[in-house]
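Working notes, beginning with the structure itself.
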Amino acid sequence: MDQSKAPVLDALAEYHREGQTPFTPPGHKQGRGADPRVRAVLGDATFWSDVLATSGLDDRTSSQGVVQEAQALMAEAVGADHAFFSTCGSSLSVKSAMLSVAGPHEKLLVGRDAHKSVVSGLILSGIEPAWVDPQWDAERHLAHPPAAEAFEAAFADHPDARGALVTTPTPYGTCSDLAAIAEVCHRRGRPLIVDEAWGAHLPFHPDLPTWAMDAGADVCVTSVHKMGSALEQSSVFHLQGHLVRPEVLRSREDLLGTTSPNVLMYAALDGWRRQMVEHGETLYDHALTLARQTRARVSRIGGIRVNDRDDFCGPGRAADMDPLQIIIDLSAWKITGYRAADWLRANRRINLHIADHRRLTAQFTHADDADTAEALVAGLTDLSGQRAGLRSGRPVEIPPPSTLRLEQASLPRDAFFARTEQVPWEKADGRVAAEMLTPYPPGIPAVVPGERLSGDVLRYLRTGVRAGMVVPDAVDTEVTSVRVVRDE
C-alpha cells in the first residue's frame, strides 16, 4: 500500500474544499454555534474539523471506505493482519479483546498487574480470572510483568482457560518475554492478548523493546495517545493469526464502542501512522539519545538513583525495558514521589508521569527536545535543595508479596453487583471487597472486587493516602471506609 497516503486527513481536506452544509450532528455546525469563549480556548480548527464520520467525512454507506483504508494502512505499517481504530481509549479496546477470547463464566489467565480497565472488563463480562502473579522486586517494591513460566504453571492449574492476557510494557516501562509467553499459549491452541497501551511506538525503532505482533501475540491493544502523536482516547487494536477471528473482534468492539466516533481522533491516528512510517526511526534516534543524555544528567544530582536495565532486567525480573521511561528513585532523600511531584507542579510547572511511594517517572517521547529535558533536570536540581522540607514522617507501609496478593473469593462481577455495605477500614479485614481500590497512576488495582481484604493491604492503602496516594475509584477516596459484600 502507499504509506504516504492519509485517507482520513485527505477526506477531511476534501470536505472543507467542497464546502458541504451539514444538517447532521455535531450541533455546533463547524463551530458556528460554539460559544466564542470556548473557541478562544480550543481554537476554531478544533470545531472546523469535528465532523460526522458518515454523512460527513464519508457518504451514508461508507462506500468510499475512508476509515477502512486508514486501518489497512495501519495494519501494514506495523505488521499486523488487521487494525481497528477506537476513539474510546484502550480501556475499551482491551475489553473488546477480552470478550473476543472468553465469555461469561469462562476462564482467562490474567497477569495480576493488569490495569483497572481489565478488571472492569471482568466485571462487565463475567469472565473468571485465573490470576498470574507478576515478578516482585522486594528490594524496590515494584512489580514486573509475569514470566512465561508463571503462565505455564497457570495453564497447568487451569487447562480450561480460553487464553491469556499480559500487560507489557508496564507503566514503568518493564517488559515481558512475549515470544516465550506466546509459545506457551500457542502450544495449547490458545490466543495471547497483550495490553501494550504503553507501546504504540515500539514497531518503529530497532532499539526499542520487541513489538507484540513481532513476538507472536494474537491481539495487541495500543494507546497511541500515550507514546504517539494521537489525541487523548485514541487507541488501535491489532490482530494476527487464526485464533481470534476478525469478525468476532469487530463485533465485540461494536458492542462496546460509540456509534459517534470522533473524526479528529481518526485523523490524528492516520497522520501519526504516516509520520512514523516516513520519519519514525529518525525521530526515535533523537528521542533515545536525548533520554540517555538526560538520564545521565539526572543521575548526577546527589542522592537520586535513576533505574536502568541493570536494576530491572535479568533472571527473575523483567525481560526488557523501554529506555524512554526515566525512573527516578528518591528513597535516599526520604521523601515520597507524591510530595515531590506536587512540589514540581506547584513550583516549577512540571508534570511527572507516575509518582509513587518512592519514585517519579518522566516519560520521554519523540516530541521531547533540549528545552523539555533542561526543564526536567533544572526542576529536579531545585527539588534537591527542598528535600528536607518535603519529608513528611508518614511512611507508606508496603506489605510483602505474600500478603499483597489477596484470595479471590468470588467472581469480580458477582461481588461488584452484590448487596453491599460500607464498613470502617479497621473492620474490613477478612471481608470480601465489592469495589476496586486503585492507586492512580499507574492504575493497577491493589484490591479487585471479590478479593478477601487483609489488614496488610488496608494499612498499605490508608498509609498511602496519608502520604499523598490517590485512590479515585473508591467510594470513600480517603479509604477510611471500604465497600464490601454484605454478610447474609
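The values are calculated or read from the model by the stated rules, or taken from the named source; none is laboratory data. Since the structure is predicted, the reported quantities are computational estimates derived from the model, not experimental observations. Using ideal geometry, Cβ is built from the backbone for each residue, glycine included, and neighbour counts are taken over all protein chains shown.
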_What's the total number of residues in region 244-271 that are among the aliphatic types (A, V, I, L, M) and farther than 14 Å from Ser93 by Cα?_
7
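Would it be correct to say that Gly337 is of a type outside the set (A, V, I, L, M), under 14 Å from Arg140 (Cβ atoms) and surrounded by fewer than 16 Cβ atoms within 10 Å (Cβ to Cβ)?
Values: of a type outside the set (A, V, I, L, M): yes; under 14 Å from Arg140 (Cβ atoms): yes; surrounded by fewer than 16 Cβ atoms within 10 Å (Cβ to Cβ): no.
No, not satisfied.
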*Does Thr289 fit the bill of being buried (at least 20 other Cβ atoms within 10 Å of the Cβ) and closer than 30 Å to Gly385 by Cα?*
no
*Only residues that are free of Cβ contacts under 8 Å to residues at least 60 places away in the same chain and not in a loop (DSSP other than H, G, I, E, B): list them for region 181-201, please.*
Ile181, Ala182, Glu183, Val184, Cys185, His186, Leu192, Val194
*Could you pull out the residue among Pro129, Pro104 that is closer than 22 Å to Leu256 by Cα and touching a Leu at 6+ places or on another chain (Cβ under 6 Å)?*
Pro129
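Results for (1) within 28 Å of Gln30 (Cα to Cα); (2) in contact with a helix residue (DSSP H, G or I) (Cβ under 9 Å, 6 or more places away or on another chain), shown as yes or no for each residue.
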site	(1), (2)
Gly216	no, yes
His225	yes, yes
Leu239	no, yes
Glu278	no, no
*Given the conditions (1) over 30 Å from Gly430 (Cβ atoms); (2) part of a loop (DSSP other than H, G, I, E, B), report the number of the one that Glu374 does not fulfil.*
(2)
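Out of all the residues in region 74-100, which are in a helix (DSSP H, G or I) and farther than 18 Å from Asp2 by Cβ? Let's see the steps before the verdict.
Start the filter on region 74-100 by keeping residues that are in a helix (DSSP H, G or I), which leaves 74-78, 89-100.
Those that are in a helix (DSSP H, G or I) and farther than 18 Å from Asp2 by Cβ: Gly89, Ser90, Ser91, Leu92, Ser93, Val94, Lys95, Ser96, Ala97, Met98, Leu99, Ser100.
Looking at His115, His16, His105, which one is assigned by TED's automatic domain parsing to the domain that holds Glu232 and over 25 Å from Ser223 (Cα atoms)? Before you say what the answer is, go through the steps one by one.
Numbers: His115 fails: over 25 Å from Ser223 (Cα atoms); His16 fails: assigned by TED's automatic domain parsing to the domain that holds Glu232.
Result of the check over His115, His16, His105: His105.
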*Starting from residues that are of a type in the set (A, V, I, L, M) and buried (at least 24 other Cβ atoms within 10 Å of the Cβ), keep the ones in region 162-181 and report whichever is farthest from Thr222 (Cα to Cα).*
Ile181
